[in-house]
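S.K.: This is the structure, below, for whatever I ask next.
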Amino acid sequence: MDVRAQISMVFHLDKCIGCHTCSIACKNIWTDRKGAEYMWWNNVETKPGTGYPTKWENQEVYKGGWEKRNGTIALKGAGKKKGLLNIFHNPNLPVIDDYYEPFTYKYLDLIESPAADDQPTARPVSLITGKPIDIKMGPNWDDDLSGTPDYARQDPNLENLSPAEQEAMFQLERMAFFYLPRICNHCLNPACVASCPSGAIYKRGEDGVVLINQQVCRAWRMCVTACPYKKSYYNWHTGKSEKCILCYPRIEAGYAPACMHSCVGRIRYLGVVLYDADLIEGAASSDTDNLVDNQLNMLLDPFDPRVIQAAKENGVADSTIKAAQYSPVYKFVKQWGLALPLHPEFRTLPMLFYVPPLLPVMASLSEQNTRQGEKMDPIAKFWPDNWLYDTSTEELWGTIDQARFPLKYMANLFAAGDEAKVKAVLKKLMAVRIHRRGVTVGDIPPEKVEQAMREAGLDADTAEEIYKLTSLAKFDERFVIPPAHREQAIEMLEFTGDTKGSVGFGFKEKPQRGL
Amino acid sequence: MDAFFNTLNNFFLIGLPYIALVVFLIGSIRRYTDTKFKFSSLSSQFLEGRQLFWGSVPFHMGMLFLVFGHLTAFLIPRGVLLWNGHPARLILLEVTAFIFGIAVLIGLVNLIYRRITSPRIAVVTSKMDYAILSLLLLQVITGLWVAYSFRWGSSWFASVLTPYLWSIFSLQPDITAVAAMPWVVKLHIVGAYSIVLLIPFSRLVHFLVVPLDYIWRPYQQVIWYWPRKEVRKAWTPWSIKRPLNN
């Protein structure tokens with residue numbers, strides 16, 4: 001048992017309102033530099049949708065991640081052979097148009113243009129060439145555009161859905177969508193690290209943050225191809241790749257990462273998990289059906305004395321072990337089984353977990369199910385086309401079973417296609433709601449609540465805990481950040497303000513482009 | 001007049017190579033140690049990918065072959081002469097090298113065309129890029145010219161230029177044979193020195209960090225700031241020689 005600590009995250013998608021505050025917080029701190037304008041280390045996508053970069057999930061095009069080959073795994077579009085052979089021209093590299101051409105507006109024209117008959121306009125100009133452009137795309141171009149033929153229907157996750165299911169999904173009255181905020185997953189089997197020919201990318205042993213050493217990066221640009229989540233970005237100006245650093249200077253100072261700190265919906269949780277590094281290879285190369293289970297099996301119980309002993313032998317600090325015991329991530333992922341990894345089939349063992357959203361699943365049409373419609377709240381019936389959320393709970397799992405949002409779609413995102421996994425999570429989320437409704441409104445008979453809890457595999461105490469951490473949790477409960485142990489001198493000993501506008505920490509060289 | 005040409009020969013065939021070598025060595029090392037951030041191939045594929053293929057790939061492939069060809073003739077001239085002993089093998093070598101030379105030329109022309117025409121690429125093009133591209137273009141044109149008009153280059157390189165180059169490296173420069181060479185050949189030699197001279201000041205430095213160690217390094221890299229097996233031991237804080245932080 002090789003116990004290591006990893007700073008891991010949970011995003012609760014039911015709480016995400018798609019406000020992009022996280023993206024802006026990140027942008028303002030890290031990517032407001034020349035060459036980095038197009039990068040959104042944190043971005044929020046509308047699902048179903050094509051995302052950023054366009055259709056990033058389609059690995060037939062982008063060739064990211066690992067694939068299983070003869071019992072073991074190999075990088076799909078990079079690796080020792082492919083990487084070095086394609087070093088002069090990487091056929092699988094996305095270009096800037098796959099993201100979008102960064103732009104600004106000539107705001108000064110509004111003030112400085114001479115008096116004329118027309119109102120002055122602020123024309124958009126490219127942040128690359130400085131010339132006027134027609135804006136064709138942006139980082140959230142398909143925001144809220146579910147159902148549109150150009151965006152939502154091009155979602156790669158729809159591939160395994162039957163045409164009928166797809167049609168049903170996009171009927172005007174039934175249309176639903178949810179938001180998917182994404183940052184670097186700080187994977188346990190990172191494809192970017194494995195693909196880097198110059199060895200510039202590494203995982204920090206102490207906390208598992210994946211970083212790119214800006215002094216070693218030589219612009220061989222294989223990481224951009226290899227990362228299936230397209231979270232490694234090439235800075236076209238400095239000729240170096242950059243990625244989310246999980247705000248490690250903030251984490252080391254005890255602050256939550258900027259995206260998480262600023263989150264309006266408080267959807268984000270961050271904490272330490274202990275995992276067994278001996279199991280990485282096996283978990284990454286397991287069959288598609290077992291991928292999620294094997295990944296979750298790697299996470300160890302931080303209360304187990306043997307785990308604690310092994311962790312101590314590996315130099316994990318007491319404070320880190322304690323943080324792991326209080327970790328909200330461990331609770332969501334392991335204790336309650338509520339969170340799943342995004343696209344586990346890419347085999348990078350992502351350490352960012354998502355609680356799949358119940359809302360788009362739950363909202364069901366009553367006109368197709370009049371029996372259920374009659375049981376709805378009277379207030380719902382005020383609406384002429386009474387299709388509000390079915391909160392009657394007479395049918396315990398009716399809304400999940402007859403979801404207007406096919407479970408298959410969710411399963412393609414969070415469980416490598418295994419609907420049962422997503423369904424189990426959604427049932428638990430539903431059971432917590434039923435439980436809370438029993439407590440606060442009291443219009444559900446206790447037997448019904450008990451039945452719901454039994455079928456979902458929860459008890460009242462757990463449901464109460466889930467409810468509290470989901471809805472009431474304060475800052476310190478959502479972010480359990482282990483102390484950085486500056487006495488042991490992890491790299492960051494500088495004030496973040498000193499290095500604002502530069503490329504990173506640890507060196508004072510100006511981030512100047514080479515000749 | 002003779003004295004003038006002697007001075008020219010002495011400068012370009014003795015002075016320049018030493019200047020170039022010293023500047024190349026010190027410049028590259030200093031650039032690597034002091035301004036590591038500038039050490040990059042500065043790929044522009046991200047801004048434009050399609051045209052680059054027809055420039056970068058033939059250019060690099062041809063360049064690899066030609067540089068290794070020149071290096072072989074410099075290091076094992078006898079081997080090259082032995083190989084060229086048979087006319088068929090000589091012609092095979094010359095034709096192959098010429099084809100790779102053409103590949104470099106095509107690649108270069110495509111690269112230059114791409115730099116000039118694409119507005120996005122113009123943004124990431126420095127004056128040094130143009131200097132390097134024109135020097136390389138001059139170099140490949142003179143190279144092809146020499147190969148075409150003064151046959152058979154692979155043989156006389158091994159018997160004339162190799163001794164000259166060795167004389168430079170052994171600090172006993174002897175240019176009697178080279179000085180008598182046609183001016184195109186001399187231009188090619190001077191071009192080569194100029195390129196070497198400019199390496200530390202241009203993106204050409206990236207050839208110094210070809211990532212060959214990738215072949216034998218493990219795929220995953222984990223860096224520990226402290227030796228993790230030591231850090232928690234009770235005596236570590238008290239030991240005189242503490243475990244190093246990398």
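S.K.: Here are some residues: B:Trp152, B:Trp166. Which one is touching an Asp or Glu at 6+ places or on another chain (Cβ under 6 Å) and of a type in the set (Phe, Trp, Tyr)?
M.R.: Among B:Trp152, B:Trp166, only B:Trp152 is touching an Asp or Glu at 6+ places or on another chain (Cβ under 6 Å) and of a type in the set (Phe, Trp, Tyr).
S.K.: Going through segment A:20-63 one residue at a time, which ones are open to solvent by 10 Å² or more (accessible area, probe 1.4 Å), within 22 Å of A:Pro406 (Cβ to Cβ) and aromatic (Phe, Trp, Tyr)?
M.R.: None - no residue of segment A:20-63 is open to solvent by 10 Å² or more (accessible area, probe 1.4 Å), within 22 Å of A:Pro406 (Cβ to Cβ) and aromatic (Phe, Trp, Tyr), so the list stays empty.
S.K.: Based on what the data block shows, is B:Leu21 in contact (Cβ under 8 Å) with a residue 12 or more places away in the chain and facing another protein chain (nearest Cβ under 7 Å)?
M.R.: Answer is no for this residue.
S.K.: How many of the residues making up segment B:211-236 are open to solvent by 80 Å² or more (accessible area, probe 1.4 Å), modelled with pLDDT of 80 or more and of a type in the set (A, V, I, L, M, F, W, C)?
M.R.: Residues meeting the conditions: 3.
S.K.: May I ask you to list pairs of residues, at least six apart or on different chains, whose Cβ atoms are under 6 Å apart, with the first in segment A:139-152 being at positive phi and the second being open to solvent by 30 Å² or more (accessible area, probe 1.4 Å)?
M.R.: A:Gly147/A:Met175
S.K.: Just the residues that are modelled with pLDDT under 90 and in a helix (DSSP H, G or I), please, taken from segment A:457-491.
M.R.: Of everything in segment A:457-491, those that are modelled with pLDDT under 90 and in a helix (DSSP H, G or I) turn out to be A:Arg486, A:Glu487, A:Gln488.
S.K.: Of the numbered conditions (1) assigned to a loop (DSSP other than H, G, I, E, B); (2) hydrophobic (A, V, I, L, M, F, W, C); (3) in contact (Cβ under 8 Å) with a residue 60 or more places away in the chain, A:Ala168 satisfies every one except a single condition; which is it?
M.R.: (1)
S.K.: Suppose we filter segment B:84-104 for residues that are free of Cβ contacts under 8 Å to residues at least 40 places away in the same chain and either open to solvent by less than 50 Å² (accessible area, probe 1.4 Å) or acidic (Asp, Glu) (or both); how many remain?
M.R.: Residues that pass the stated criteria total 1.
S.K.: Consider B:Thr35 against the criteria (1) within 14 Å of chain A (Cβ to nearest Cβ); (2) open to solvent by less than 30 Å² (accessible area, probe 1.4 Å); (3) of a type in the set (Val, Ile, Thr): it satisfies all of them except one. Which criterion is unmet?
M.R.: Looking at each condition in turn, B:Thr35 falls short on (2).
S.K.: What are the residues in segment A:150-164 that are over 22 Å from A:Asn140 (Cα atoms) and among the aliphatic types (A, V, I, L, M), if any?
M.R.: A:Leu161, A:Ala164
S.K.: Okay, moving on. Could you check segment B:176-185 and list, in sequence order, the residues that are surrounded by fewer than 18 Cβ atoms within 10 Å (Cβ to Cβ) and either in contact (Cβ under 8 Å) with a residue 12 or more places away in the chain or in contact with a helix residue (DSSP H, G or I) (Cβ under 8 Å, 6 or more places away or on another chain) (or both)?
M.R.: B:Ala177, B:Ala179, B:Pro182, B:Val184
S.K.: Here are A:Gly497, A:Gly504: which of them is among the small types (Gly, Ala, Ser), outside any loop (DSSP other than H, G, I, E, B) and at pLDDT below 90?
M.R.: A:Gly497
S.K.: Ok, one more. If you check A:Pro181, A:Pro228, A:Pro197, which single one turns out to be outside any helix (DSSP H, G or I), at the interface with chain B (Cβ under 9 Å from one of its Cβ atoms) and either surrounded by 22 or more Cβ atoms within 10 Å (Cβ to Cβ) or small (Gly, Ala, Ser) (or both)? Give the steps one after another, and end with the answer.
M.R.: On the way: A:Pro181 fails: at the interface with chain B (Cβ under 9 Å from one of its Cβ atoms); A:Pro228 fails: at the interface with chain B (Cβ under 9 Å from one of its Cβ atoms).
Of the residues listed, the single one that is outside any helix (DSSP H, G or I), at the interface with chain B (Cβ under 9 Å from one of its Cβ atoms) and either surrounded by 22 or more Cβ atoms within 10 Å (Cβ to Cβ) or small (Gly, Ala, Ser) (or both) is A:Pro197.
S.K.: Considering only segment A:156-182, how many residues are modelled with pLDDT of 85 or more, within 24 Å of A:Ser23 (Cα to Cα) and out of contact with any strand residue (DSSP E or B) (no Cβ under 7 Å at 6 or more places or on another chain)?
M.R.: Of the residues in that region, 2 qualify.
S.K.: May I pose another question? Specify which of the listed residues (A:Asp318, A:Asp304, A:Asp293) is within 28 Å of A:Leu469 (Cβ to Cβ), within 10 Å of chain B (Cβ to nearest Cβ) and open to solvent by 30 Å² or more (accessible area, probe 1.4 Å).
M.R.: A:Asp318
S.K.: Identify the residue in segment A:68-84 that is surrounded by 15 or more Cβ atoms within 10 Å (Cβ to Cβ) and more than 11 Å from chain B (Cβ to nearest Cβ) and, among all such residues, is nearest to A:Val224 (Cα to Cα). Step through it out loud before you land on a result.
M.R.: Here is the first cut: in segment A:68-84, the residues surrounded by 15 or more Cβ atoms within 10 Å (Cβ to Cβ) are A:68, A:73-80, A:82-84.
If we keep only those that are more than 11 Å from chain B (Cβ to nearest Cβ) too, we end up with A:68, A:76-77, A:82.
Details: A:Lys68: 20, A:Lys76: 12, A:Gly77: 10, A:Lys82: 14 Å.
Checked segment A:68-84; the qualifying residue nearest to A:Val224 (Cα to Cα) is A:Gly77.
S.K.: Right, A:Ser286: open to solvent by less than 40 Å² (accessible area, probe 1.4 Å), over 30 Å from A:Leu358 (Cβ atoms) and touching a helix residue (DSSP H, G or I) at 6+ places or on another chain (Cβ under 8 Å) or not?
M.R.: no
S.K.: When you check A:Val361 against the structure, is it modelled with pLDDT under 95, among the β-branched types (Val, Ile, Thr) and open to solvent by less than 10 Å² (accessible area, probe 1.4 Å), yes or no?
M.R.: Answer is yes for this residue.
S.K.: Continuing with this model, one more query. Got a sec? Which of B:Thr142, B:Thr162 is buried (at least 17 other Cβ atoms within 10 Å of the Cβ) and at pLDDT below 95?
M.R.: Among B:Thr142, B:Thr162, only B:Thr162 is buried (at least 17 other Cβ atoms within 10 Å of the Cβ) and at pLDDT below 95.
S.K.: Among the small types (Gly, Ala, Ser), within 19 Å of the chain's Cα centre (by Cα) and not assigned by TED's automatic domain parsing to the domain that holds A:Asp287, is that true of A:Gly77? Reasoning before the result, please.
M.R.: On the way: among the small types (Gly, Ala, Ser): yes; within 19 Å of the chain's Cα centre (by Cα): no; not assigned by TED's automatic domain parsing to the domain that holds A:Asp287: yes.
No, not satisfied.
S.K.: Tally up the residues in segment A:107-129 that are part of a loop (DSSP other than H, G, I, E, B), touching a residue at least 12 places away in the same chain (Cβ under 8 Å) and of a type in the set (D, E, K, R), please. Walk me through it before giving the result.
M.R.: Applying the first criterion (part of a loop (DSSP other than H, G, I, E, B)) to segment A:107-129 yields A:107, A:113-123, A:127-129.
If we keep only those that are touching a residue at least 12 places away in the same chain (Cβ under 8 Å) as well, we get A:107, A:121-123, A:127-128.
Of the ones still in play, those that are also of a type in the set (D, E, K, R) are A:123.
The qualifying residues number 1.
S.K.: Still on this structure, please answer the following. Working only within segment A:248-264, note down all residues that are in a loop (DSSP other than H, G, I, E, B) and either open to solvent by less than 10 Å² (accessible area, probe 1.4 Å) or within 14 Å of chain B (Cβ to nearest Cβ) (or both).
M.R.: A:Ala256, A:Pro257 - these are the residues of segment A:248-264 that are in a loop (DSSP other than H, G, I, E, B) and either open to solvent by less than 10 Å² (accessible area, probe 1.4 Å) or within 14 Å of chain B (Cβ to nearest Cβ) (or both).
Here's the yes/no breakdown for (1) farther than 23 Å from A:Glu345 by Cβ; (2) of a type outside the set (D, E, K, R); (3) not assigned by TED's automatic domain parsing to the domain that holds A:Thr50:
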site	(1), (2), (3)
A:Phe103	yes, yes, no
A:Pro114	yes, yes, no
A:Asp118	yes, no, no
A:Thr129	yes, yes, no
A:Asp134	yes, no, no
A:Ala164	yes, yes, no
A:Phe177	no, yes, no
A:Ile183	no, yes, no
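The values are calculated or read from the model by the stated rules, or taken from the named source; none is laboratory data. From a predicted model like this one, the values you see are computed outputs, not experimental measurements. Here the Cβ is made from the backbone with ideal geometry for all residues, glycine too, and neighbour counts use every protein chain on show. In case anyone asks, the SASA skips ligands and DNA or RNA and just uses the protein heavy atoms, side chains included. Shrake-Rupley method; radii C 1.70, N 1.55, O 1.52, S 1.80 Å.
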